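Just below is one structure, and these are the notes that go with it.
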Amino acid sequence: MPRNANDSFIKTIQPKLTEWRRHFHKYPELGFMEYCTTYTIGQELEKLGFRLYVGKEALQSDSRYGVPDEETLREKEMVASASVDDRWLADMKGGHTGLVAVWDTEQAGDHLAFRFDIDALPITEAEDEQHFPFKHSFVSKHKGVMHACGHDGHTTIGLGLAHFIAENSSDLNGKFTLLFQPAEEGGRGARAMTDKGWLNDVDFFYSGHIGIQDLPVGTVAATTKGFLASAKLDAYFNGQSSHAGMKPEEGRNALLAAATAATQLHSIPRHSEGISRVNAGKLVAGNGRNIISDRGFLEIETRGETKAINAYMQKEAKRMIQAAADMHQVDVDIDFVGETEQMICDDALASYISKVCEPSEYIQKVIPVARVLGSEDASFMMNEVQSQGGQATYMLFGTHLPDNHHAPSFDFEEEVLTTALDTYIHIIKGGHLLD
C-alpha cells in the first residue's frame, strides 16, 4: 500500500463522513430501538461485501438489560416498517438491534475488533441559531430524542473504517470484526454482544469516544484511566390511593416514598477507598392534587472506582430505597436494568498508537493517557479480550465542546471524524499489512 494511500482515501471519503453524521443526527433512536439506524448501517456494509450478523445472530437475547416493553417496541417497529425492509425488521423484532460485520482477509494475521455505539438519548435538542445542527438544518426530527453524546459520530467513523478495510483488503492480513452496538447508554447492550462470543478470539480490541474532554481537533488520547463500574436501577413504589381531604389516613403515599428515596440516596456515605457516585435521575409519581398517590417511579444509578466500591454503593442504595418504602408503608420493587465494569487499558498500546500515527496528516498530537470519570459498557468487551490474553484500549478523540455531553446543545466539530478514522486506519496499517 503506498504511503499516501490513506491520505487519498480520507480526502475522498470526507464528504460521506459529513453526510452520514448529519443523517444519523437527524434521525436518532433510543437503545434497542435503533431499527432504522441498524438498517442504514447494514445496507452500506452489505454493498461493501462484509459478512453481516443481525438480530439474535449478533446479540445474546437474554443478556440485554433494560429492554423497552413490548408495546413500545411494537410501536417503534410499526413506524420503522415504512423505511426498513421486512426481512431486516423481522430479524430485529423485539429489540434485537445493532449488528456485527466481519471481514476475513484469509491471510494469516491478528484478529482486530472495533466497537462503535449507535444509540441516542431521551433529550429534547436545542433549537437556536447558536446550535450548529439547528443552524445547518440537521437537528433531530424525533422530538425528545437526540444524539447528545456523539454516537452519531461513532457510527459514522465505523462506516468509514469499513470502507477502508473493504477497499484495501488485498493489502491486509488477519480478520476484522466491527461491532455496531445498541444501547450503550445505561450500560445495556455490550454484554449481549460479549456473551454471544464475538470477542472470544480477538487479539486486539479498540474503541473510543468523541470529546469527553475539551481538546483540540487532531488530539488523540491513546488510553484512558478512571472509567467507573456502575449499576442502573429502576424502583417501582406501590401504595394506596385515597381522597386527600376526606380520608388521608387510608392512603399510603408512593409519591412521598419515591421523593424520600431520591433525596436520601445522596446521604449515602462515600467510600474511603476510591471514587463513588449515586444519582437519582428521574422521578415520576402522582395522580392529582387531591389524591394520595398510589404509585411512584425512580431511575437511579451508582458508580464506583472499583467493582467492590460500586457493589457497596448499590447495596446502600437498595437499603435506602427499601427504608423509604417502609417509612411510608408502601411496597417497592427494584429492577436491575444495566451495568458497566471497571476497565483498564493496556499501556503497551499507547506507545504503539503514538508510533503508528506519526505520519498522519490529521493527527497533531497523541496523549498517552487521559483521565475520565464516566462509565462505559465497552468494559465488558475489553475485559473479555484481556481475559483471553489479548490487548485492549479505549481512546478519546479531541474536539471543542460547546456544551456538556448529555445536554440539549451538545455538539462536536465534524473535523474530529477525520481524526478518529485516520487513527483507526493507522492502527491497521501499523501492523496488519501484507509483507
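The values are calculated or read from the model by the stated rules, or taken from the named source; none is laboratory data. All values derive from a computational prediction rather than experimental measurement. Here the Cβ is made from the backbone with ideal geometry for all residues, glycine too, and neighbour counts use every protein chain on show. All accessible areas refer to the heavy atoms of the entire protein, side chains included, with ligands and DNA or RNA removed. Shrake-Rupley method; radii C 1.70, N 1.55, O 1.52, S 1.80 Å.
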(message) Projecting each Cα onto the charge dipole of the range 131-189 (Lys/Arg +1, Asp/Glu -1 at the beta carbon, about the Cα centre), which of Leu161, His136, His151 comes out farthest on the positive side?
(response) His136
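Determine the share of the chain's accessible area contributed by carbon and sulfur atoms, expressed in whole percent, with a 1.4 angstrom probe.
Working: 8720 of 18390 Å².
The computed percentage sits at 47.
About the Cα centre, and with charges only on the beta carbon of Lys, Arg (+1) and Asp, Glu (-1), how big is the dipole of the range 1-132? Nearest 20 debye, please.
Details: 15 positive and 25 negative charges, 111 e Å.
For this selection, approximately 540 debye.
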(request) Under a cut-off of 21 Å between alpha-carbon atoms, report the lysines in cross-link reach of Lys26, not counting same-chain residues fewer than 8 places apart. (result) Lys16, Lys76, Lys135, Lys141, Lys143
(request) May I ask you to order 137-143, 82-88 by the average number of other C-beta atoms within 10 Å around their residues, highest value first? (result) 137-143, 82-88
(message) Per DSSP helix of 4 or more residues, -39500 (n - 2.57); summed, then divided by the residues of the chain. What does that give at 222 nm, rounded to the nearest 500?
(response) -11000 deg cm²/dmol
(message) Could you tell me the calculated FRET efficiency between Asp214 and Ala166, based on Cβ-Cβ distance and R0 = 30 angstrom, to the nearest 0.05?
(response) 0.30
(request) Once you've got the GNM for the chain with C-alpha springs shorter than 10 Å, pick whichever of Leu99, Leu45, Leu417 has the biggest mean-square fluctuation. (result) Leu45
(request) Count charges around Thr12 for me, please; just the other residues with Cβ under 15 Å from its Cβ, Lys/Arg as +1, Asp/Glu as -1. (result) -3
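Within the range 250-398, how many Lys pairs sit with Cα atoms under 26 Å apart, leaving out pairs fewer than 8 places apart on the same chain?
Numbers: Lys282/Lys307; Lys282/Lys315; Lys282/Lys318; Lys307/Lys315; Lys307/Lys318; Lys355/Lys365.
The result is 6.
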(message) If you take Rg and Dmax of the Cα atoms in Å from the coordinates, which of [x] 22.9, 86; [y] 26.1, 81; [z] 24.5, 76 do you get?
(response) [x]
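Among DSSP beta bridges whose residues both lie in the chain, state the antiparallel percentage, nearest 5. Before the final figure, lay out each step's value.
Details: 45 of 68 bridges.
Here the antiparallel bridges make up roughly 65 percent for the chain.
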